[in-house]
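The values are calculated or read from the model by the stated rules, or taken from the named source; none is laboratory data. As the structure is a computational prediction, the values presented were derived from the model and not from experiment. Cβ sites come from the backbone with ideal geometry, for glycine too, and all protein chains shown count toward neighbours. Side chains included, ligands, DNA and RNA excluded: accessible areas come from the protein's heavy atoms. Shrake-Rupley method; radii C 1.70, N 1.55, O 1.52, S 1.80 Å.
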Amino acid sequence: MAASKPVEAAVVAAAVPSSGSGVGGGSATTGPGTGGLPRWQLALAVGAPLLLGAGAMYLWSRQRRRRETGGRGDAGGLKRNSERKTPEGRASPAPGSGHPEGPGAHLEMNSLDRAQAAKNKGNKYFKAGKYEQAIQCYTEAISLCPTEKNVDLSTFYQNRAAAFEQLQKWKEVAQDCTKAVELNPKYVKALFRRAKAHEKLDNKKECLEDVTAVCILEGFQNQQSMLLADKVLKLLGKEKAKEKYKNREPLMPSPQFIKSYFSSFTDDIISQPMLKGEKSDEDKDKEGEALEVKENSGYLKAKQYMEEENYDKIISECSKEIDAQGKYMAEALLLRATFYLLIGNANAAKPDLDKVISLKEANVKLRANALIKRGSMYMQQQQPLLSTQDFNMAADIDPQNADVYHHRGQLKILLDQVEEAVADFDECIRLRPESALAQAQKCFALYRQAYTGNNSSQIQAAMKGFEEVIKKFPKCAEGYALYAQALTDQQQFGKADEMYDKCIDLEPDNATTYVHKGLLQLQWKQDLDRGLELISKAIEIDNKCDFAYETMGTIEVQRGNMEKAIDMFNKAINLAKSEMEMAHLYSLCDAAHAQTEVAKKYGLKPPTL
């Protein structure tokens with residue numbers, strides 16, 4: 001995958017909240033939050049033009065240019081690490097920059113020559129590190145330069161800004177660069193220098209607009225500009241997400257999401273169907289099998305609501321059981337914590353999980369499940385050490401629990417510890433040979449290792465492994481989804497499309513499969529209409545599918561429809577299940593806003609699909 005390091009980092013960072021359902025404990029390889037694929041895995045599946053990291057709009061244009069030049073990388077004047085520290089002789093040519101003709105031309109030339117001489121003197125002082133003297137010379141050049149000589153005058157302001165920059169006088173840098181840009185609106189050096197000054201002055205919005213203009217003017221070919229764009233997008237995203245997440249209204253995910261989440265566990269007591277002895281009185285059969293359950297149990301009521309898919313009432317019923325310190329208190333704490341995670345309230349979930357873990361008298365499977373969910377939550381919060389500790393503790397206290405190895409294997413994939421991931425999946429399979437999910441994910445781990453290592457024989461072995469998995473487990477949608485991703489990597493698009501169709505046949509209500517199939521149409525056939533039709537179908541199936549809104553927003557950015565893109569990103573933001581996911585979405589939204597402003601100010605637009 002050819003991607004700049006900052007953008008690739010953004011993709012990886014964004015992967016975590018989507019994996020594990022974004023709530024901890026889901027499928028790290030195909031969590032229900034993404035129809036199964038974390039962002040970096042999606043990147044492999046759909047190719048660079050549709051990467052969903054904070055720098056997607058920048059990366060797409062860069063990749064397009066690389067394709068147009070035959071993948072020559074830095075051909076055609078690419079300046080990845082060029083610095084803009086030194087002053088310059090002349091600004092970039094611009095209309096009307098030639099010397100005047102006619103009466104009065106001689107006097108004007110004399111004034112311009114004197115101004116150029118002052119500037120040249122300033123350049124010598126600059127190179128000698130005598131920045132105060134350089135500033136005096138540039139100031140003289142500005143005062144001598146004829147006012148109609150826009151391009152020359154803009155150079156003098158930009159050079160003075162460069163000297164102010166060396167003295168770390170950021171306000172003066174921004175002021176002089178503004179003068180230079182007013183005189184020459186597409187002056188890349190001045191725009192970038194002003195962007196850096198705005199960064200130092202903590203004017204993030206202004207910095208982003210300037211660096212966006214620079215990226216477009218440079219054709220997305222300068223690594224330095226890309227780095228700054230990515231950095232400021234992340235900072236803006238984090239700031240906005242912190243405020244928004246703190247005041248957000250909890251939102252229950254769709255029933256399909258919740259069912260997919262619980263289906264990733266096999267040893268989770270709280271997600272098992274109610275036993276006959278647990279049924280409430282009105283659900284007893286005629287023989288009265290539930291006579292022993294006469295107490296008013298909030299937990300049992302919550303379990304009944306789960307079976308009815310009446311999820312909004314579960315937290316309150318669990319709270320009743322906990323407040324009454326009923327006999328199902330440990331189960332109620334774990335169930336309440338799980339639904340806190342599902343609605344994106346990790347702060348409320350953690351105390352409940354902590355308490356279950358500390359209850360030595362509680363069923364060991366409850367404690368292990370709480371550790372899995374807390375460990376997944378830590379991974380979502382980018383605390384891999386704490387996450388690893390929790391998974392290891394779960395393995396210590398319940399070594400025969402297949403879920404521990406299944407979910408720890410997913411964690412290891414995210415940490416690129418593929419050999420350890422495969423070992424965990426093997427242990428899960430040993431404990432539960434019928435675990436289709438673990439076998440599919442083991443294949444994917446082996447495939448990813450072969451793919452990143454560019455080992456063709458191992459790739460073929462992994463592909464054969466996928467074939468065996470789907471043959472052995474023909475009803476495992478996950479197997480088809482992961483195989484489809486691998487086929488897409490290998491540009492076997494037709495077969496990948498067939499695999500997504502199999503997924504849809506098995507899980508017609510899984511909205512995110514439609515998103516992946518839509519993305520495939522874009523990469524395979526460049527069929528934008530069909531791609532958007534499938535993503536719209538995903539939203540129709542599940543109007544809480546944040547992944548669909550995010551993907552559609554990204555495509556609209558690439559089509560140049562910024563207003564529509566911003567609307568899609570805002571919808572995804574309101575559905576985000578974690579602060580980190582929200583920060584990622586704000587980054588995308590801010591990138592679209594910046595392009596809108598740059599288009600208004602300078603008439604600059606990046607290439608579109």
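Overview of results
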read-out: Some residue of region 276-297 being among the small types (Gly, Ala, Ser), in contact with a helix residue (DSSP H, G or I) (Cβ under 7 Å, 6 or more places away or on another chain), modelled with pLDDT of 80 or more and closer than 18 Å to Pro255 by Cβ; value: no
read-out: Lys365 among the basic types (Lys, Arg), in a helix (DSSP H, G or I) and either touching a strand residue (DSSP E or B) at 6+ places or on another chain (Cβ under 6 Å) or within 21 Å of Lys303 (Cα to Cα) (or both); value: yes
read-out: Every pair of residues 6+ apart whose Cβ atoms lie under 8 Å, when the first sits in region 104-115 and is at negative phi and of a type in the set (Lys, Arg) while the second is part of a helix (DSSP H, G or I) and modelled with pLDDT of 55 or more; value: Arg114/Leu144
read-out: So Ile413, is it buried (at least 18 other Cβ atoms within 10 Å of the Cβ) and of a type in the set (A, V, I, L, M, F, W, C); value: yes
read-out: Residue in region 588-598 that is open to solvent by 40 Å² or more (accessible area, probe 1.4 Å) and closer than 30 Å to Met379 by Cβ present; value: no
read-out: Number of the exception - Met499 against (1) farther than 23 Å from Phe257 by Cβ; (2) open to solvent by 10 Å² or more (accessible area, probe 1.4 Å); (3) not in a loop (DSSP other than H, G, I, E, B); value: (1)
read-out: All helices (runs of 4 or more DSSP H) inside region 147-256 with 3 or more residues being over 30 Å from Cys137 (Cβ atoms); value: 204-217, 223-247
read-out: Of all residues making up region 124-164, the number that are hydroxyl-bearing (Ser, Thr, Tyr), in contact with a helix residue (DSSP H, G or I) (Cβ under 6 Å, 6 or more places away or on another chain) and either more than 13 Å from Pro87 (Cα to Cα) or open to solvent by 40 Å² or more (accessible area, probe 1.4 Å) (or both); value: 2
read-out: So Leu251, is it under 27 Å from Ala349 (Cβ atoms) and either open to solvent by 60 Å² or more (accessible area, probe 1.4 Å) or at pLDDT 90 or above (or both); value: yes
read-out: Of all residues making up region 427-469, the number that are in a helix (DSSP H, G or I) and in contact with a helix residue (DSSP H, G or I) (Cβ under 7 Å, 6 or more places away or on another chain); value: 27
read-out: Lone qualifier among Ile322, Ile372 - being farther than 22 Å from Gln410 by Cα, in a helix (DSSP H, G or I) and β-branched (Val, Ile, Thr); value: Ile322
read-out: Boolean, Glu550 is within 21 Å of the chain's Cα centre (by Cα), of a type in the set (Asp, Glu) and modelled with pLDDT of 95 or more; value: yes
read-out: Residue check for Ala481: crowded, with 19+ Cβ neighbours inside 10 Å, under 26 Å from Leu575 (Cβ atoms) and either among the aliphatic types (A, V, I, L, M) or touching a residue at least 24 places away in the same chain (Cβ under 8 Å) (or both); value: yes
read-out: Hits in region 325-338 - residues which are in a helix (DSSP H, G or I) and either touching a residue at least 60 places away in the same chain (Cβ under 8 Å) or open to solvent by 20 Å² or more (accessible area, probe 1.4 Å) (or both); value: Met329, Glu331, Leu334, Leu335, Arg336, Thr338
